Structure formats: C-alpha cells, structure tokens
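Novice: My questions will all concern the structure given below.
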C-alpha cells in the first residue's frame, strides 16, 4: 500500500506527482481507471485539478499530477475509504508500488535525493528568478515569429505554458543538480 502525506510545514496549495509503472497491454485499463479516480478526487473539498502525462514511445511511467489547496484537504483525500478502494482496483495493472513526490510551491522544484529538507527560501527564489528571467526572454525571442498571428492573451498563455514546462522538467532539475553544493550544503562533522 502507498503512504500518505507526511508534510508538516508550509502552507497553501500542494502538488503531488504519482509515478505509475503499468503492466504492458494494460495502458487502456489504467487510463480508464484514472478517469474514475480523478472524478472521485474532484468531489473532495480543496481539489484543484489533475492531469496525466503518458509515457513516450518507449515503455515508461505514467505521471499523475494533482493539486489540493491545503494539507488538510490532501490528507482527507489520502485517508478516505473512496481512495483506498480505487487504489485496490489498480493492483491488477500496476507493475510496482506507486512512487509519490509532494511539495508546496517552489519546494517542489527543488527536491533532491542528496539532502534532507529544502534549501533556504532566498536561495530557491534567487535560482527561480534568474531561470525564469532568462527563459521568458528566450521563449519570447524564439517563439515570437511563430505566435505573431495569435491574440496577445493567447501568446501569453502559450509562452507561459512553455516556460512552466521547461522549468519543471528540464531547467530546475538541471539547475538543482548543477547547484546542489550551494543549495544543499553538507553539514561538516565537528570534533567533540
């Protein structure tokens, strides 16, 4: 069985990513099942939506990404009998246990297996501002010719979606690895 949220600090909306490895040939069953559990979750207070990212052409993981507006509402969903029943139904097509990654706001972009906890917020803000500044300018330059015929609000939406996608899946994981020593300093042992 999976574990429920153990986050205790932070406030505001939480993002949860559930990584699913599905038995070959059971993808359609998973996708139908996911529509059902997503509809059930949407009935719970604080649910803010969800999406599923399908694996690429090579066999891989499905990623189910969902959000709740507070830890209290997420825990209510995670401990509900309805969710438990839906998870039991998934056992026939799962290859392995579900892996979860959960976090508040910017903490989610700075997950690291090297260190416990998150970096100081000022470091997260600094890296995020620099990365977004560079991306917004590059995306604007690169995509302006392609999006010129769209309404301004649509251009803003498309550019925002590109920046968020790049930040989440490419830029922040790369920067987190590159800047790991600065973001997650290792405590040095002191002689006793």
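Novice: Is it the case that residue 77 is surrounded by 15 or more Cβ atoms within 10 Å (Cβ to Cβ) and more than 18 Å from residue 169 (Cα to Cα)? Break it down stepwise before answering.
Specialist: Details: surrounded by 15 or more Cβ atoms within 10 Å (Cβ to Cβ): yes; more than 18 Å from residue 169 (Cα to Cα): yes.
Yes, satisfied.
Novice: Say we look at the range 113-126 and pick out the residues that are modelled with pLDDT under 90 and closer than 24 Å to residue 165 by Cβ; which of these is surrounded by the fewest Cβ atoms within 10 Å (Cβ to Cβ)?
Specialist: Our first condition is that a residue be modelled with pLDDT under 90; within the range 113-126, this holds for 113-125.
Cutting the leftovers down to closer than 24 Å to residue 165 by Cβ gives us 113, 118-119, 121, 123-125.
Working: 113: 7, 118: 21, 119: 22, 121: 12, 123: 16, 124: 19, 125: 12.
Top of the filtered list is 113.
Novice: Also: Take residue 18 and decide whether it is at pLDDT 85 or above and under 25 Å from residue 173 (Cβ atoms).
Specialist: So residue 18 passes the test.
The values are calculated or read from the model by the stated rules, or taken from the named source; none is laboratory data. Owing to the predicted nature of the structure, the values given are computational and were not obtained by experimental measurement. Cβ atoms come from the backbone with ideal geometry, glycine included; neighbour counts cover every protein chain shown.
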